[in-house]
Amino acid sequence: MEILFVCSGNTCRSPMAQTLARDWLKRHGIGMRVRVFSAGISAYTGEEATDGAKNAMRTRGLSLDTHRARLLTREIFDAADLVLCMTQGHKQAILQVHPNDKTFTLNEYAGVGGYVDDPFGMSDAVYERCAGQLEDLVDRAMERACHAL
């Protein structure tokens, strides 16, 4: 199974979700059966994760130091079995180009209302709140996606 997390620039939310999901898979001993990756619908390929995202992951014992942003392409989209977006806007942008039944907002797939606000350019405290929200959503989404593995 391949799970793709999508946000705008692939420097904050989707890389944090990807990192949290990989950690979840490792802790549950199923990392070899699921591949998790991320991309952005308006990313500049090669950009590093923001300092705020790196700091939020470091406080959890995780690292985004080697992350580099990727623009969402048809190949990346096609490789995914499940696409989880941070907002309804991201989801709609994908569905306009690639009509499908594998794309959801992370919140809706996790069974929670709302969306994940973009912390870009905000304080470390805002990144921490975002990372905390992502932890809960990713846990719920991974449990749902991996229940049969």
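Which one of these is touching a strand residue (DSSP E or B) at 6+ places or on another chain (Cβ under 8 Å) and either more than 21 Å from Asp118 (Cβ to Cβ) or touching a residue at least 40 places away in the same chain (Cβ under 8 Å) (or both): Gly9, Gly29?
Working: Gly29 fails: touching a strand residue (DSSP E or B) at 6+ places or on another chain (Cβ under 8 Å).
Going through Gly9, Gly29 in turn, just one is touching a strand residue (DSSP E or B) at 6+ places or on another chain (Cβ under 8 Å) and either more than 21 Å from Asp118 (Cβ to Cβ) or touching a residue at least 40 places away in the same chain (Cβ under 8 Å) (or both): Gly9.
Hey, could you check the range 99-149 for residues that are hydroxyl-bearing (Ser, Thr, Tyr) and assigned to a loop (DSSP other than H, G, I, E, B) and say which is surrounded by the most Cβ atoms within 10 Å (Cβ to Cβ)?
Of all residues in the range 99-149, those hydroxyl-bearing (Ser, Thr, Tyr) come to 103, 105, 109, 115, 123, 127.
Those still in the list that are assigned to a loop (DSSP other than H, G, I, E, B) too: 115, 123.
Details: Tyr115: 20, Ser123: 10.
Result: Tyr115.
Would you tally the residues in the range 30-54 being at pLDDT below 95 and within 23 Å of Ala125 (Cβ to Cβ)?
Within the range 30-54, residues that are at pLDDT below 95 and within 23 Å of Ala125 (Cβ to Cβ) number 0.
Would you mind stating whether Thr87 is among the polar types (S, T, N, Q), surrounded by fewer than 22 Cβ atoms within 10 Å (Cβ to Cβ) and touching a residue at least 12 places away in the same chain (Cβ under 8 Å)?
On the way: among the polar types (S, T, N, Q): yes; surrounded by fewer than 22 Cβ atoms within 10 Å (Cβ to Cβ): yes; touching a residue at least 12 places away in the same chain (Cβ under 8 Å): yes.
It is true that Thr87 is among the polar types (S, T, N, Q), surrounded by fewer than 22 Cβ atoms within 10 Å (Cβ to Cβ) and touching a residue at least 12 places away in the same chain (Cβ under 8 Å).
With the structure loaded, tell me whether Ile94 is farther than 25 Å from His147 by Cα, of a type in the set (A, V, I, L, M, F, W, C) and part of a helix (DSSP H, G or I) or whether it fails that test.
yes
The values are calculated or read from the model by the stated rules, or taken from the named source; none is laboratory data. Given the structure is predicted, the values throughout are model-derived calculations rather than measurements. Don't worry about glycine lacking a Cβ; one is built from the backbone with ideal geometry, like all the others, and counts go over all protein chains shown.
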